[in-house]
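S.K.: Pasting a structure here, questions to come.
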Amino acid sequence: MDKLIISPDFTIEDIHKIREYNYNITKDMTPQERRDYYNKRGMEVHKQIQEIQLQESIGILKFNKH
């Protein structure tokens, strides 16, 4: 499957592309496989968000110390 390309402006078309992309990946999966797929992806995003928040808080702490 081709890699998903999202525009820098993130439009409604991008949402449609994402939904179609996910559908094509999951259409032949069992319900349990779909749950596992989405849970794994969700945990990856959650981890990325936590890392960004940590970096931002460290940046704020460094900024406040000077």
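Quick note: the coordinates plus some simple rules give every number you see, no bench work behind them. Everything quoted here is computed from the prediction, not taken from an experiment.
S.K.: Among all the aspartates and glutamates, which ones have a C-alpha under 20 Å from K3's C-alpha, if same-chain residues fewer than 8 places away are not counted?
M.R.: Those aspartates and glutamates meeting the cut-off are E13, D14, E20, D28, E44.
S.K.: Please work out how much length the chain gains when fully extended from D28 to L4, using 0.36 nm per residue of separation minus the C-alpha to C-alpha distance, in nm with one decimal.
M.R.: Result: 6.7 nm gained on full extension.
S.K.: How much length is gained if the chain between E20 and Q55 is pulled fully straight, taking 0.36 nm per residue apart and subtracting their Cα-Cα distance, in nm to one decimal?
M.R.: Between E20 and Q55, full extension yields an extra 9.3 nm.
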